[in-house]
1. Of everything in the range 288-313 that's in contact (Cβ under 8 Å) with a residue 24 or more places away in the chain and in a loop (DSSP other than H, G, I, E, B), which residue is nearest to S239 (Cα to Cα)?
2. Please identify the pairs in which a residue from the range 252-270 that is farther than 21 Å from R163 by Cα has its Cβ atom under 8 Å from the Cβ atom of a residue that is assigned to a helix (DSSP H, G or I) and of a type in the set (D, E, K, R), counting only partners at least 6 apart or on another chain.
3. When you check V119 against the structure, is it in a helix (DSSP H, G or I), over 23 Å from C4 (Cβ atoms), modelled with pLDDT of 85 or more and in the same structural domain as R46 (by TED's automatic domain parsing), yes or no?
4. Mind listing whichever residues of the range 225-260 are within 23 Å of the chain's Cα centre (by Cα), farther than 18 Å from F302 by Cα and of a type in the set (S, T, N, Q)?
5. With V277, V201 as the choices, which residue is free of Cβ contacts under 8 Å to residues at least 40 places away in the same chain, aliphatic (A, V, I, L, M) and crowded, with 17+ Cβ neighbours inside 10 Å?
6. Counting only residues that are within 8 Å of G138 (Cβ to Cβ) and not hydrophobic (A, V, I, L, M, F, W, C), how many does the range 99-122 have?
7. When only residues in the range 243-262 that are modelled with pLDDT under 95 and part of a loop (DSSP other than H, G, I, E, B) count, which is surrounded by the most Cβ atoms within 10 Å (Cβ to Cβ)?
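The values are calculated or read from the model by the stated rules, or taken from the named source; none is laboratory data. Worth saying up front: this structure is predicted, and the values here are computed from it rather than measured. Cβ coordinates were reconstructed from backbone atoms using ideal geometry, including for glycine residues, and neighbour counts include every protein chain displayed.
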Amino acid sequence: MRICLLTYRGNPFCGGQGVYVDALSRELVRQGHTVHVVSGPPYPPRVPGVTLHRLPALALHLGDGRADDGNDGGAGSNGTGAPGPLGQLAPIALYERAAFLAGIFPEMTAFSLRAFYKVRGLQRRERFDVIHDNQSLGWGLLPMGRLGVPVIATIHHPLTVDRRRGFEPPTSFRQQLSRLLFYPIPMQGHVARRLKRIVTVSHASAEAIAADFRVAPGRIRVIHNGVDTARFRPPSNGSRVAGRVIYVGNLEDRNKGVVYLLRAMALVRRPAHLLVVGSGGTVPQWVRREIAGLGIEGRVRFEAQLPPGALVERYGTAEAAVSPSLFEGFGFPAAEAMACGLPLVAARGGALPEVVGDAGLLVPTRDPAAIARALDILLGDGELRARLGRAARSRMVEKFRWERAARELVQVYEEVRDAHR
């Protein structure tokens, strides 16, 4: 098949959506399909066999150019991912700037409009069988549906989840008020209801999409993500640092439940220290204030985002991993830790029970005491850690494979292609 993947952020460091496009494009090419990726910044790495088209963006919420991956920005770009001087006067760029100043998140809308013009040109010569959007759900997808090719979308979870969790403490009243404008929820719901099919990555997300975006459940297909178990694997030497607990995730995202993990560290009775691998270069001030107030400065260490090889090495030094999220559409850090043979403590947030199964310890969300009790149990029982670690690794290898995810996705492509014809 000839497949066009759209992603408004394509780099794996930008979160699960980047991991999704990178892994799926590799696997689809391996299975013999022709794949084009149309991406906004930060751009994905080059994948052998995948044709990459980079679209510019102002990315004002990041600062112009901060989204660059070091490669050229493609046509219409100044090489940083931002439009050149003339491009910044184009209507889409002017919209981006105005929306940003008004407190509205413009990235998805602007990307989808640029993607429409790009795909319209590509379709004349490529004749795609399907256009697959990854989470943008912008207005530009609607005219794209008139190009003679079916359009579907993956929704990892609806933005309504992010907006609700944006009111979690310690968010200020001003930050809470800004959430009401920031997320383009009406646009995404409107577009989602008009696409040929919605793919999502867990049953928990499917329920949220049906309820919050009012998409008919029969139009939603659940295809669980995969995990690169060849890359994420237990260490060969088996060396673990006594008492080390690892958390990987975005510290600014209140949905990740970091505040409850920090409070749990103050309650853990056994000797333990927390290694936090964040997604940015700085530690938010609210995190530092929370740590100081809890008196656990000596028990928490931070590292910025790491390349996969270094991240696997850090997983290999820990005795346990924690995923305290209030909601996860899938939970890549949890799955990757399990693939590395780590016993996991996970909150029952969204899809985490689907991913973890009986190969980890599940606790209620927003419950520092429950997290602390689970960590005390794990850190005090080496046999339990070993058993859960083996079960976690086996579960990832057997049930969460990108090969399976790609094949199930191709079945969806064939369904909508045949129905369209």
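1. Residue satisfying both the conditions and the ranking: L306.
2. L262/E290; R263/E290; M265/R299; V268/D376; R269/D376; R270/D376
3. Numbers: in a helix (DSSP H, G or I): yes; over 23 Å from C4 (Cβ atoms): no; modelled with pLDDT of 85 or more: yes; in the same structural domain as R46 (by TED's automatic domain parsing): yes.
So V119 does not fit the description; no.
4. Within the range 225-260, N225, T229, N255 qualify.
5. V277
6. Count: 2.
7. Of everything passing the filter in the range 243-262, G257 is surrounded by the most Cβ atoms within 10 Å (Cβ to Cβ).
Here is a yes/no grid of residues against (1) modelled with pLDDT of 95 or more; (2) farther than 23 Å from R385 by Cβ; (3) assigned to a loop (DSSP other than H, G, I, E, B):
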| site | (1), (2), (3) |
| --- | --- |
| A264 | yes, no, no |
| L274 | yes, no, no |
| G280 | no, yes, yes |
| W286 | no, yes, no |
